[in-house]
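Inspection log for the structure reproduced underneath, given as structure tokens.
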Amino acid sequence: MPKKAIIYFTNVPFSRRDYERYGIEWWLNAGFSVTVLDVGYFALPARDPKWDDAMYRNDSFDLSVLRRKSELKRYRAMLADASLIVDLTTAHGHSRWNLPVLRAISKSKTPCILLSVNAYPGYDLPLAQSRDLAGKIDIFLARLKSADPLNSIIARLPCRWLGIEPANAVVYGGRRSRRRITTVTTDTLEISGHHMDYDIFLDQDSEISLDNTAVFIDQDLSGHREFVSNKAFHQMDTEQYYRLLRKTLERVEKITGLEIVIAKHPHALSADPERFLPNWRIVQGRTLELIRRCRLVIAHNSAAIASVVLNRKPLLLVFSKDYIDSSHWNPVSHYPLADALERNCLYLEDIAATDDDEFMADLTAGFDPYIEDYISVGPLHREKLWPIIGRALDEHKIISGLSIPAEQKPVGATQYQPGTESLGELR
């Protein structure tokens, strides 16, 4: 008889935030054991051992790090006996890196689900999304330089030729989360869910006192693991970036009278914020709390934008031209965000020549279409993601022995009713 066990495959270090948003506690409360298998050392290009410092562990679940794909053999019996496998290594489909993982899942015959809930602007656009012809040429040359012929071949082969079975279910969030995934077929169950940050939003107290703060969401541009591991990344001028950023933050202080707080990136590998922003309080690991308590958010591009939108916080979106031009990946992760939030592009390099009205314009534009595109299609109800997933898996007999924990059953059709921060006192 199969054990009541859930197996997660991940290719990035499992963090405290992952523990919260990937439903670990929900499965534990439903009577299942949980094991996380970190396969990043062979399923993610340029895995840096320093990233392991970000791992989160506690006694409620097991976490194992596999250094070589041959180690998957040791887990064959565990995978075959599990109730469900949650595959976090597959974003767009199969590749040379996650191929051993997908084959191991397929051989186990255990049901597998994919999560496609946390879409973000630009993820589904081609890299050629650029503002001019020169940019398109630079992108083409950069892609040639970093091309991986073997991966290109494998990614284009049909899954069945490679011994990969289709996923049993896929969970979607907003309208734009319905991306093409090669392991999703017409036989795959589609589950309508929502962005995982909405669960965190539901956990918040309904009443909270606001601080007179403006929060800058730091991205650790000189040390973030996704940036330093990018083959095509060319280092921007870090000192110039922070010099312009300081001037921008000082101007926000002068206009609004708010205290600036730096929300340091949770996976930051550098001490650049402490070095270049010494005049402001720097807090790490509490970004969502800082967003909720503040009166204004300043950001470039961050996964926390979803929380900014859900909390209806005025958002000053500002980019660095130097950073955007430093990599062929950057235009598609910045310009679509401005489009999604219905903003004009505001650059650090141009702020000195921008008047106050233009500088602080449209700080709450674009929130409603962003929610439908990237948070959830249709009205947001006060029901968390994993009860939605669990009920669908149970109803379609993908998983057996599941009972939804009483305290996490649907709480009715009460719809999300957002408030909107007033800008009246900010200027």
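Where a number appears in this text, it was derived from the coordinates with a stated rule and is not lab data. In this text, all values refer to a predicted model and were calculated from it rather than measured experimentally. Quick reminder, even Gly has a Cβ in these numbers, built from the backbone with ideal geometry, and neighbours come from all protein chains shown.
Assuming charge only on the beta carbon of Lys and Arg (+1) and of Asp and Glu (-1), the dipole of the range 301-403 about its Cα centre is about 840 debye to the nearest 20.
With neighbours defined as other Cβ atoms within 10 Å of a residue's Cβ, the residues Lys69, Lys384 order from fewest to most as Lys69, Lys384. Legend: ranking of residues Trp161, Trp386, Trp51 from fewest to most surrounding C-beta atoms inside 10 Å; resulting order Trp161, Trp51, Trp386. A simple spin-label model places pseudo-atoms 7 Å from Cα toward Cβ; at Arg281 and Asn212 they are separated by 1.3 nm. A dipole drawn for the range 205-372 from +1 and -1 charges on Cβ atoms has a positive end, and of Ile217, Leu341, Asn301 the residue lying farthest that way is Ile217.
Across the range 336-342, computed HN-Hα scalar couplings (Karplus, 6.51 cos²θ - 1.76 cosθ + 1.60, θ = phi - 60°) run x, 5, 4, 5, 5, 9, 6 Hz from first to last residue, x flagging Gly and Pro. Proximity of backbone amide H atoms, modeled 1.01 Å from N, is registered between Phe319 and Leu346, Tyr347, Leu348 at under 5 Å, excluding neighbours fewer than 5 places apart on the same chain. Look at Ser326, Ser33, Ser376, Ser177 and count the other Cβ atoms within 10 Å of each Cβ; fewest to most, that gives Ser33, Ser326, Ser376, Ser177. Extension gain, Lys107 to Glu372: 0.36 nm times the residue separation minus the Cα-Cα distance gives 91.7 nm. Rounded to whole numbers, the Karplus 3J(HN,Hα) couplings from phi for the range 272-281 are 4, x, 5, 6, 9, 10, x, 8, 10, 5 Hz, using 6.51 cos²θ - 1.76 cosθ + 1.60 with θ = phi - 60°, and x at Gly and Pro.
Between Ser400 and Glu259, the distance separating the two model label sites (each 7 Å from Cα on the Cα→Cβ line) works out to 5.8 nm. For Ala91 and Asp350, what does the FRET efficiency come to when R0 = 35 Å and r is the distance between their Cβ atoms, rounded to the nearest 0.05? Once the sixth-power term is evaluated, E becomes 0.55. The distance separating the Cα centre of the range 154-208 from that of the range 3-51 comes to 16 Å. The amide H of Phe14, built 1.01 Å from its N in the peptide plane, has Tyr56 as neighbours under 5 Å, considering only residues 5 or more places off or on other chains. Between rounded, prolate and oblate, where does the range 205-372 land on the alpha carbon gyration tensor, with a ≥ b ≥ c its root eigenvalues, rounded for a/c under 1.5, else prolate if a/b exceeds b/c? Rounded, because the longest to shortest axis ratio a/c is under 1.5. Note that the range 12-27 has calculated 3J(HN,Hα) couplings of 10, x, 6, 9, 4, 5, 4, 4, 6, 8, 8, x, 4, 5, 4, 5 Hz, one per residue in order, obtained from phi through the Karplus relation 6.51 cos²θ - 1.76 cosθ + 1.60 (θ = phi - 60°); glycine and proline are x. A simple spin-label model places the labels of Asp62 and Tyr41 1.8 nm from each other, with each point 7 Å out along Cα-to-Cβ.
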